[in-house]
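Structure first, commentary second.
Computed from the coordinates by the stated procedures, all read-outs in this text should not be read as laboratory data. Small disclaimer: the values here were computed from a predicted structure and weren't measured. Cβ atoms come from the backbone with ideal geometry, glycine included; neighbour counts cover every protein chain shown.
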Amino acid sequence: PPPPPTDFFEDKTFFLYGDFEAPERRLLQRYVTAFGGTLAQYMSEKVTHVVTAQEWDETFEEVTAPPPGPCPPPGPPRDPVTP
């Protein structure tokens, strides 16, 4: 039997934007859920990834724009990873 899918999309929320053929939409939904992702019914701030077959839409800017206000201070420096 094939190995079980991993949680590659864990903590990621996908929005399928625009028109997809029904079989393609079902396949995309299966991929996202099989790899631990979440599907959003609507565009919102929870969406981390947009999947579309269309050109870039200006409404995507609303979700990709950083929130207004000051940026949080940077965290402490990390030690470099050595092999």
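Return the Cα extents of segment 3-56 along principal axes one, two and three, sorted largest first, each rounded to a whole Å.
34, 27, 17
Using 1/(1 + (r/R0)^6) with R0 = 22 angstrom and r between the beta carbons of Glu55 and Arg30, what's the FRET efficiency to the nearest 0.05?
On the way: r = 25 Å, r/R0 = 1.15.
That gives a FRET efficiency of 0.30.
Got a sec? Charge dipole of segment 12-51, +1 on Cβ for Lys and Arg, -1 for Asp and Glu; which of Ser44, Ala34, Thr13 is way out at the positive end?
Working it through, the farthest residue towards the positive pole turns out to be Ala34.
For segment 37-54, take each phi angle, set θ = phi - 60°, evaluate the Karplus expression 6.51 cos²θ - 1.76 cosθ + 1.60, and give the result in whole Hz per residue in order, putting x for glycine and proline.
x, 10, 9, 9, 6, 9, 5, 7, 5, 6, 5, 9, 9, 10, 10, 8, 9, 9
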